[in-house]
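Beneath this line is the structure, given in structure tokens, with notes to follow.
The values are calculated or read from the model by the stated rules, or taken from the named source; none is laboratory data. A quick note: this is a predicted structure, and the numbers were derived from the prediction, not measured. Quick reminder, even Gly has a Cβ in these numbers, built from the backbone with ideal geometry, and neighbours come from all protein chains shown.
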Amino acid sequence: MSTSAPACEGAIATAATVFIVDDDQDVRRSVSLLVRSIGLADECFSTAQDFLQHYDPNKPGCLVLDIRMPGMSGLELQKALHSAEVVPPIIFITAHGEIPCASQALRDGAVDFIQKPFSPQTLLERIREAVQRDHEHRHKRALARSVQERMRRLTDREREIMDLLSRGDSTKQIAQRLSISPKTVDNHRAKVLEKMNVDNPTQLAHLLAAL
């Protein structure tokens, strides 16, 4: 891609929201100010339940989450989000430096586990990393959906030939394997490339790899 890194980061920042879930109002306020200082939007919640009621998975961004809260804990919220179609990257912050909790959170996919009082610079670095991770995940999901939609336009024979093309088989090899003429293979090949919106079998293989 020709897009420069700074331009890409700027585009992500303008679209991302940092969801802050902590029962400590002072912590919510300080993280909010920190997030806004780098141009990111934020939404604050005092409980995990409140976050779940209002969370819109279509909003890109990440989650800054306290691990110990009244009612549902941060780890419990993390597990609850695993059933969602889109799970925001999570950065845990806590005053309780419990190694078992940190290990479990990281095993379940958390970006990091930061103790209070935290370094503003460290938290910002993790937030940028989490926002970038979310951006990449959403891009891959969108690409996969696009590829699947294109594949639905293929006939059964075209799907068969697409699979053979993507693994590197030549027209002659495909013709022999399917007991059809090379000319028929070439006709199907042209339709496959057109419907999948690629120029050649190499691009087709890369596209299918997105799935």
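Here are some notes:
- Considering (1) modelled with pLDDT under 95; (2) of a type in the set (A, V, I, L, M, F, W, C); (3) touching an Asp or Glu at 6+ places or on another chain (Cβ under 6 Å), the lone condition that Ala144 does not fulfil carries the number (3).
- Just one of the numbered conditions (1) at pLDDT 90 or above; (2) surrounded by fewer than 16 Cβ atoms within 10 Å (Cβ to Cβ); (3) in a helix (DSSP H, G or I) is not true of Ser103: (1).
- Conditions (1) loosely packed, with under 14 Cβ neighbours inside 10 Å; (2) more than 14 Å from Val18 (Cα to Cα); (3) modelled with pLDDT of 90 or more: number failed by Glu125: (2)
- Residues of segment 181-211 classified as closer than 16 Å to Arg167 by Cα and among the basic types (Lys, Arg), total: 1
- Flag for Phe19 being touching an Asp or Glu at 6+ places or on another chain (Cβ under 9 Å), closer than 19 Å to Leu123 by Cα, crowded, with 17+ Cβ neighbours inside 10 Å and modelled with pLDDT of 95 or more: yes
- Across segment 71-88, the number of residues qualifying as free of Cβ contacts under 8 Å to residues at least 60 places away in the same chain and either buried (at least 16 other Cβ atoms within 10 Å of the Cβ) or touching an Asp or Glu at 6+ places or on another chain (Cβ under 6 Å) (or both) comes to 8.
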